[in-house]
1. Which lysines, on any chain, are close to LYS92 with Cα under 23 Å apart, when same-chain ones fewer than 8 places away are left out?
2. Hey, could you grab the Kirkwood Rh for segment 360-505? Inverse mean 1/r over distinct alpha carbon pairs, Å, one decimal.
3. Can you give me the accessible area per residue for segment 360-491, using a 1.4 Å probe, in Å²?
4. Would you please report the Å³ per residue occupied by the convex hull of the alpha carbon atoms in segment 419-518?
5. Evaluate the relative contact order of segment 205-362 (contact order divided by residue number), counting alpha-carbon pairs under 8 angstrom at least 6 apart; express in whole percent.
6. If I model a spin label at VAL398 and ALA345 as a point 7 Å from the Cα along the Cα→Cβ vector, what separation in nanometres do I get?
7. Give the distance, in whole Å, between the Cα centre of segment 340-394 and the Cα centre of segment 104-172.
8. Normalized C-alpha radius of gyration of the chain, against 2.2 N^0.38 Å?
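The values are calculated or read from the model by the stated rules, or taken from the named source; none is laboratory data. Not measured: the values here are computed from a predicted model. Heads up, the Cβs are rebuilt from the backbone with ideal geometry, glycines too, and the neighbour counts pull from every protein chain shown. Each accessible area value is taken on the protein alone, full model and side chains, heavy atoms only, with ligands, DNA and RNA left out. Shrake-Rupley method; radii C 1.70, N 1.55, O 1.52, S 1.80 Å.
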Amino acid sequence: MTRRGMAAVTAAVASLIAFTPAPAQADAILGQEVAVPAYFYPGGSSAQYWTQLTASGSRPSIAVVNVLNGPTGTVNTDYQAALASAHSAGIKVIGYVDTGYYGTTGQTTRMGSASINDWRTQIQTDVDNWYNLYGSNVDGIFFDQAQKDCGPTGGGDAWVDLYREASAYVKKYHPGSITIHNPGTAPDECYEDSADILVTFEGTYATYMNPPADQAPPAWQAGYDPKRVWNLVYDVKDESELATVMAKSKANNAGYVYVTPDKLDEFGNPWDTLPPSSYMSAELAATAGSGGSTPSAPAAPTTSQVEATSLQLSWTSAAHPGVVGYDVYQGSVKIGTQANHTPSATTFDVAGLSPSTAYTFSVRARDRAGNTSAASTAVSVTTAAASATAPTTPGTPVASDVAPTSVKLAWTASDDTDADDHVASYDVFRDGVRVLSVPGDVTTVNLGGLKGGQTYAFTVKARDTTDRPSAASGAVSVSTPNPPAITDPKATLSATTATYTAQFNVPFNFHHVFIDVDNNVANHYTVAGVGAEYMIEDGGLYKYVGPDWNWTKVTGVNPLISSSGGLYRWSIPTSALEGAGTTHSLVFNGTGDSPNTYTGVITVTQS
């Protein structure tokens, strides 16, 4: 859904045991909420969708925002205004972060690495950038391209642990945030405790109504808390099909839903519009629950397994047959939900706490129709003290592979002398500000998010299982080079072939060539001095159809030859460029994590 060892779990739910859910009340109809992937730009012709999104009476509960497969590294003022408007309207604004399946399928980071550690670094950087750039207007993180399998062939939870860790990171450093994982299909049951919400379906109307076995709702979903299930359905052409999908989503126990007539576009994005107002109104109306009755307030939870940074809450599941889940609060902040495991006792693991600190917790019961009880009596508890001894100081990091936006750091490991304790994690600091936290068995990182021509000081602290930090390591000073972002742009044009090359010296999300084949700026995509009828974006050739950013893919043309070392080489047959003259004008462009960069206009004449 692009634009196209486990860390402490802040609010992870204990693994669900097999159970038979309590029968729902016969008159209770599931109450749902609309959650929108808002992948439309807050400007130009798409600005209308942001106006519609925040209009009174048609607001969704959640909007996932995607600047450019993530937040990028600088504030976009259009998005800044849009996020502030949506948040003030009561919409939960969720920032998009690409996880690339942590490289387990071969996908690479913006720096070209498929390693799990480098994906962890990029993910944490993107998470923090959302909050650093857009502040309190961000309410959580959406992890896209998420794995669905517990681990590699042979078993184990190695992959789901990465997503538990990512969710825990968000909640530890950005308390109260919502986390959402999107594998696009139903993940294995082990993912039940990996995030607040799981996208268990993303696809077309036809597939949703008649899913193959691997896309059908899994058995565990029927007994899961519906407020942790989200279904995304596109290519639903009219309100009749909409009604059919909404009925099925309720039967599938999906507490969050989004349905749209939009279709998969040339960039793989069916989320770049909103449905017409009448369609959206019908969708919102169809989410309404009915029947049921307000559950009684649960009994006060009890605490157990109280450690320095974690504890377990327990309470007796409600006999009230309509209760499907519980909302758990730390003070006044909702930190998670849990399904009703009648007749079993219900538990919820809380982590990411601070040692020797007093907390209060309470629980609210929720029925299928959306009726919510009063809060239980709160339970107060003070966490255990930190360990007696801090970890030893890590070695001063050694820098290598210094690039314009990244550096590799390595340090010697710390030790911990307390019985039954060990180094749980390392925090990496840039100029005194924590920028990364990695598991205690990791002592090498490839840190991105830097700027060219800057000098930075990096230090490392170890942290034990009680969250007690070591002293800071010695500092290493790193000065990044500052080459031009794009160099040596070239083009050749023959009667049969056009070729383009350029060296991209910094990481970009997308690499473009905008091509003006008739040297007429009017009525085309106007950018950096050319009127482009065609655009290369990484591995595809696109023809401009307008208005704004509206392109159609030219089929049968695969222009990318190579991109090794940032040297991009493209070749396309001139027969694919309709209306082309013998002189073309073009501009190379890099867009994304590094600042948006254009070359000057390159003119090439057929030889």
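1. Once the sequence-local lysines are set aside, what remains near LYS92 is LYS171, LYS172, LYS227, LYS250, LYS334.
2. Every distinct Cα pair counted, the radius reaches 19.5 Å.
3. Details: 5570 Å² over 132 residues.
Dividing the accessible area of segment 360-491 by its residue count gives 42 Å².
4. Hull volume over Cα atoms, normalised by residue count, gives 145 Å³.
5. For segment 205-362, the relative contact order is 19 percent.
6. 5.2
7. Between the Cα centre of segment 340-394 and that of segment 104-172, the gap is 24 Å.
8. The reported ratio for this selection is 1.03.
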